[in-house]
Amino acid sequence: MSLQNDLTQKVIEAVKQLYQVDLPTVEFQPTRKDFEGDITVVVFPMLRLVKGNPVQIGTKIGEYLVENVDEVLKCNVVQGFLNIVIADSYYLNFFNSILTETDFGYVKSQSDDAVMVEYSSPNTNKPLHLGHIRNNLLGYSVAEILKASGKKVYKTQIINDRGIHICKSMLAWQKFGEGETPESSGLKGDHLVGKYYVAFDKAYKEQITELVESGTPKEKAKKEAPILLEAQEMLRKWEAGDDDVVALWKKMNGWVYDGFDITYKNLGVDFDTLYYESDTYLLGRDVVKDGLERGVFFKKEDGSVWIDLTEEGLDEKIVLRSDGTAVYMTQDIGTAIQRVTDHPDINGMVYTVGNEQDYHFKVLFLILKKLGYSWAEQLFHLSYGMVDLPSGKMKSREGTVVDADDLIKNMEDTAESISEELGKLDGYSKEEKKQLYRTIGLGALKYYILKVDPKKRILFNPEESVDFQGNTGPFIQYTYARIQSILRNADFNVSTTLDITMELHEKEKELLKQIQLFPETVQLAAENYSPALIANYTYDLVKEFNSFYQQVSILGETDEQKKNFRVQLSQKVGEVIRSAFRLLGINVPERM
């Protein structure tokens, strides 16, 4: 149990004894730097139930705590704030208890109920881009945080491998490709297919222009451009199972999957299960028919099936067209049910999808609840904002998308350029330098994106992200490398337990307080599906360590007991940094 939990019980006990009032909650905050204390109880919220002067109430509670709680050394009251000084022995006992604990902050036992986290879910007509990077990093990190909090997690994606978009790339390759392959062109497969998606759009626009110039209204020209009609015909053939079209579809999708695998590996993300839209797009129709019989859905005069969500503040939503074909909502209903069928231990799902789909997921979750699925209460849309570059927005059809592979390479190059300028890599081999640039570049990219609350839009600046000062990945990585240097230079055993009668330096105490917050931060990040809480906790820990490093002698300390403790403390900070960054999918270098 944490100190805050212990103190909560004792404060409630104190108020009960002193004022005969049952206090439902106790509000804490860190003690302000200009006052003496380690943790502060805010008295003002109690005044709704406890009548009296807040200073007098705080003083009486403080006296009770000093008398009844061994860890409480003394208290002082400033207006309505009860500042509590905790004995050094408490922090040293805490440190002894975690000294040899591996993966401190992670819950070791796993829940029987599983959560499925969906992320990435790309279209197979183009490479992954900057938006996909935010999606992948968020989804992967949330999955890792949920695991660390004690959940069983399945990581998945649904690959959008069918529809008119892929037919456009296929048709353009047939018309203009001259048999080009990834091997013959030297292009990654997803890049090659994306090239023909852009080629289709170029030809389509040219045909629209020709039709308009010959007197066809523009809206009609958009619908009647010959290349679009051919793509639509190709889609019909695919749905009918035409051998040639299906063979081409399999070949070009295969190229894309090979390309995606390389990007995922470079990005450091993975999946436990894969779903394909070509397998799932017919799912859900039987569920709709069953729901229609049970009165969950209703049929309109034209034969289409809808659900009325107006009482819930939404609107009517179609779930089956008049010709009996499914819409995306039908497919998503069926896929969710199929996932629970495939993994019966699932008791919740997290969908990592951009905020333009907020309404879609409100409707989906509500429909699944109305259909009576208990796990539908545990569905969450991990909604996130767009990522922009200083150069502006991206458009995939026009080929102006910021490609994920190019961005990863650019981050490595930026890390190389800045590292070379700083001149800190003497004695590194060429291969060691290359690996370090990759670690720094990817760390900068991931941290810059994940430190921002998912709901916020991001303006991503590659140069700013690879700064070795401030709230950046490289700054934290550099601090970790500094700690490893301290450990390499410590020529003694640092695994012995500590004498709890030792007096702590103020900076040691502050660092221990920050370490103590890590398990709570992991749980909070899991509850809020927010890697930003982990990222910014790590930055606060690193700032605290650097303040400790600058003000307290470590290896130069003459008192052997203190020196031993400070090295142990540095080692534990390094372990927590590594653990926290693992949750963000970021590696840490041993040297920098």
>> Check which residues have an amide H placed less than 5 Å from VAL402's amide H, if you skip close sequence neighbours.
In response: LEU130
> For the stretch 21-99, what percent of Cα pairs sit more than 20 Å apart?
Replying inline: 34
> In nm, to one decimal, how far is the ILE164 label point from the ARG488 one, both placed 7 Å along Cα→Cβ?
Replying inline: 5.9
>> For a distance above 19 Å, tell me the whole-number percent of Cα pairs in the stretch 433-536 that qualify.
In response: 61
> If we count every other residue with Cβ under 13 angstrom of ASP261's Cβ, Lys/Arg +1 and Asp/Glu -1, where does the sum land?
Replying inline: -2
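At 0.36 nm per residue, and after removing the present C-alpha to C-alpha distance, how many nm does the segment from GLN338 to LEU282 gain when stretched out fully? Provide the component values of the computation, followed by the final result.
Values: separation 56, 0.36 × 56 = 20.16 nm, distance 1.16 nm.
Stretched fully, the GLN338-LEU282 segment lengthens by 19.0 nm.
Over the chain, what lengths in whole Å, largest first, do the semi-axes of the equivalent ellipsoid take, defined as the square roots of 5 times the eigenvalues of the alpha-carbon gyration tensor?
Those come to 53, 33, 19 Å.
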>> Please list 3J(HN,Hα) in residue order for the stretch 471-485, calculated via the Karplus relation 6.51 cos²θ - 1.76 cosθ + 1.60 where θ = phi - 60°; whole Hz, with x for glycine and proline.
In response: 7, 9, x, x, 4, 5, 4, 5, 5, 4, 4, 4, 4, 5, 5
> Roughly what would the spin-label model give for ASP499 and ASP113, points 7 Å off Cα along C-beta, in nm?
Replying inline: 5.0
>> For Cα pairs less than 8 Å apart in space and 6+ apart in sequence, what is the mean separation divided by the residue count of the chain, i.e. the relative contact order in percent?
In response: 15
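Do the sum for the chain: with -39,500 (n - 2.57) for every DSSP H run of n ≥ 4, divided by all residues, what is the mean residue ellipticity at 222 nm, to the nearest 500 deg cm²/dmol? Mind dumping the intermediate values first?
Numbers: 22 runs with 319 residues, N = 592.
Result for the chain: -17500 deg cm²/dmol, rounded to the nearest 500.
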>> If I compute solvent accessible area with a 1.4 Å probe over the protein chains, what percent of it on the stretch 416-553 is carbon and sulfur?
In response: 46
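Placing +1 at every Lys and Arg Cβ and -1 at every Asp and Glu Cβ, with all other atoms neutral, what dipole size does the stretch 171-326 have around its Cα centre, in debye to the nearest 20?
On the way: 21 positive and 33 negative charges, 71 e Å.
Its charge dipole is roughly 340 debye.
Any idea what the dipole of the chain comes to, in debye rounded to 20, about its Cα centre with Lys/Arg Cβ at +1 and Asp/Glu Cβ at -1? Can you show the working numbers first?
Details: 69 positive and 90 negative charges, 121 e Å.
Taking the Cα centre of the chain as origin, the dipole is about 580 debye.
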> What FRET efficiency, computed as 1/(1 + (r/R0)^6) with R0 = 25 Å and r the Cβ-Cβ distance, is obtained for ARG457 and ASN410, rounded to the nearest 0.05?
Replying inline: 0.75
>> Please list, in order along the stretch 545-562, the HN-Hα scalar couplings obtained from phi with the Karplus expression 6.51 cos²θ - 1.76 cosθ + 1.60 (θ = phi - 60°), rounded to whole Hz, x for Gly and Pro.
In response: 5, 5, 5, 4, 4, 7, 9, 10, 6, 9, 6, x, 5, 7, 6, 4, 5, 5
>> Spelling out what I want: for every residue of the stretch 566-579, take phi, set θ = phi - 60°, compute 6.51 cos²θ - 1.76 cosθ + 1.60 (Karplus), and round to whole Hz; glycine and proline get x.
In response: 5, 5, 4, 5, 4, 4, 5, 4, x, 5, 5, 4, 4, 5
>> Quick check: pseudo-label points 7 Å beyond the Cα along Cα→Cβ at GLN20 and ILE318, how many nm apart are they?
In response: 6.9
> How big, in percent, is the set of alpha carbon pairs in the stretch 487-588 lying more than 18 Å apart?
Replying inline: 50
> Roughly how big is the stretch 506-592's charge dipole about its Cα centre, with Cβ charges of +1 (Lys, Arg) and -1 (Asp, Glu), in debye to the nearest 20?
Replying inline: 180
> Size of the stretch 235-309 along its principal axes in angstrom, Cα-based, largest extent first?
Replying inline: 49, 34, 16
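Pull out a ≥ b ≥ c, the square roots of the eigenvalues of the alpha-carbon gyration tensor of the stretch 191-252, then state rounded if a/c is under 1.5, prolate if not and a/b is larger than b/c, and oblate in the remaining case. Please report the intermediate quantities before stating the final value.
Working: a/c = 4.26, a/b = 1.74, b/c = 2.44.
Since a/c reaches 1.5 but b/c is at least a/b, the shape of the stretch 191-252 is classed as oblate.
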>> Suppose we flag GluC sites (Glu not before Pro) only when DSSP calls them loop and at most 10 other Cβ atoms lie within 10 Å. Which is the longest uninterrupted stretch of the chain?
In response: 302-502
>> Accessible area of the stretch 1-128 with a 1.4 Å probe: how many percent of it is carbon plus sulfur?
In response: 48
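Net charge around ASP244, counting only other residues with Cβ within less than 13 Å of its Cβ (Lys, Arg = +1; Asp, Glu = -1)? Walk me through the intermediate numbers first.
Working: positive: LYS237, LYS250, LYS251; negative: GLU233, ASP242, ASP243.
Taking every Cβ under 13 Å from that of ASP244, the sum is 0.
If you restrict to DSSP beta bridges whose two residues both lie in the chain, what percentage is antiparallel, to the nearest 5? Don't skip to the end; give the middle numbers.
Working: 22 of 44 bridges.
Around 50 percent of the beta bridges assigned by DSSP in the chain are antiparallel ones.
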>> Suppose a student asked you for the relative contact order of the stretch 6-150, using Cα pairs under 8 Å spaced at least 6 residues apart; what percent would you report?
In response: 17
>> Can you give the FRET efficiency to the nearest 0.05 for ARG591 and ASN93, using r as the Cβ-Cβ distance and R₀ = 30 Å?
In response: 0.30
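Nearest 0.05, what FRET efficiency do ASN546 and SER214 give at R0 = 60 Å with Cβ-Cβ as r?
0.30
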>> Quick query: amide H of TYR154 versus all other amide H atoms, modeled in the peptide plane; which residues come in under 5 Å with a sequence gap of 5 or more or a different chain?
In response: VAL115, MET116, VAL117
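Residues of the stretch 265-304: accessible area per residue at 1.4 Å, in Å²?
Numbers: 2420 Å² over 40 residues.
Ligands and nucleic acids excluded, the figure is 61 Å² per residue.
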> Does anything in the stretch 349-370 have its amide N under 20 Å from the 7 Å Cα→Cβ label point of LYS300, and if so which residues?
Replying inline: 359-361, 363-364, 367
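Once you have the Cα-Cα distance between LYS205 and VAL246, take 0.36 nm times their residue separation minus that, and quote the gain in nm to one decimal. Spell out each step's value before the answer.
On the way: separation 41, 0.36 × 41 = 14.76 nm, distance 2.68 nm.
Here the answer is 12.1 nm.
Please give the net charge around LYS10, taking every other residue with its beta carbon less than 14 angstrom from that of LYS10, where Lys and Arg add +1 and Asp and Glu add -1.
Details: positive: LYS16, LYS60; negative: ASP6, GLU13, GLU63, GLU67, ASP70, GLU71.
Spelling it out: positives minus negatives among the neighbours equals -4.
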>> So the label point goes 7 Å from the Cα of LEU555 along Cα→C-beta, right? Which residues of the stretch 471-488 then have their backbone N under 11 Å from it?
In response: 483-488
> For the stretch 152-243, what number results from the quotient of the Cα radius of gyration and 2.2 N^0.38 Å?
Replying inline: 1.32
> For LEU229 and SER2 in the same chain, what is the full-extension length gain: residue separation times 0.36 nm, less their Cα-Cα distance, in nm?
Replying inline: 75.1 nm
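Taking Rh as the Kirkwood radius, which is the inverse of the mean 1/r over Cα pairs, what is the Rg/Rh value for the stretch 43-165?
Working: Rg = 25.4 Å, Rh = 19.8 Å.
Ratio of gyration radius to Kirkwood radius for the stretch 43-165: 1.28.
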>> Given the options THR335, LEU320, GLN207, identify the residue whose Cα lies farthest towards the positive end of the charge dipole of the chain (+1 on Cβ of Lys, Arg; -1 on Cβ of Asp, Glu).
In response: GLN207
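Which pairs break 32 Å Cα to Cα here: LYS430/LYS509; LYS175/LYS220; LYS151/LYS456; LYS155/LYS370? Display every interim value, and only then the final one.
Working: LYS430/LYS509 41 Å; LYS175/LYS220 24 Å; LYS151/LYS456 26 Å; LYS155/LYS370 26 Å.
Exceeds cut-off: LYS430/LYS509.
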>> Can you give me the accessible area per residue for the stretch 521-592, using a 1.4 Å probe, in Å²?
In response: 37
> What residues qualify as long-range amide H neighbours of ASP388, i.e. H under 5 Å apart, gap of 5 or more or another chain, H built at 1.01 Å from N?
Replying inline: ILE458, LEU459, PHE460
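The values are calculated or read from the model by the stated rules, or taken from the named source; none is laboratory data. This is a predicted model, so every value here is computed, not measured. Positions of Cβ are backbone-derived with ideal geometry, glycine not excepted, and every protein chain shown enters the neighbour counts. What goes into the accessible areas is simple: the full protein's heavy atoms, side chains included, and nothing from ligands, DNA or RNA. Shrake-Rupley method; radii C 1.70, N 1.55, O 1.52, S 1.80 Å.
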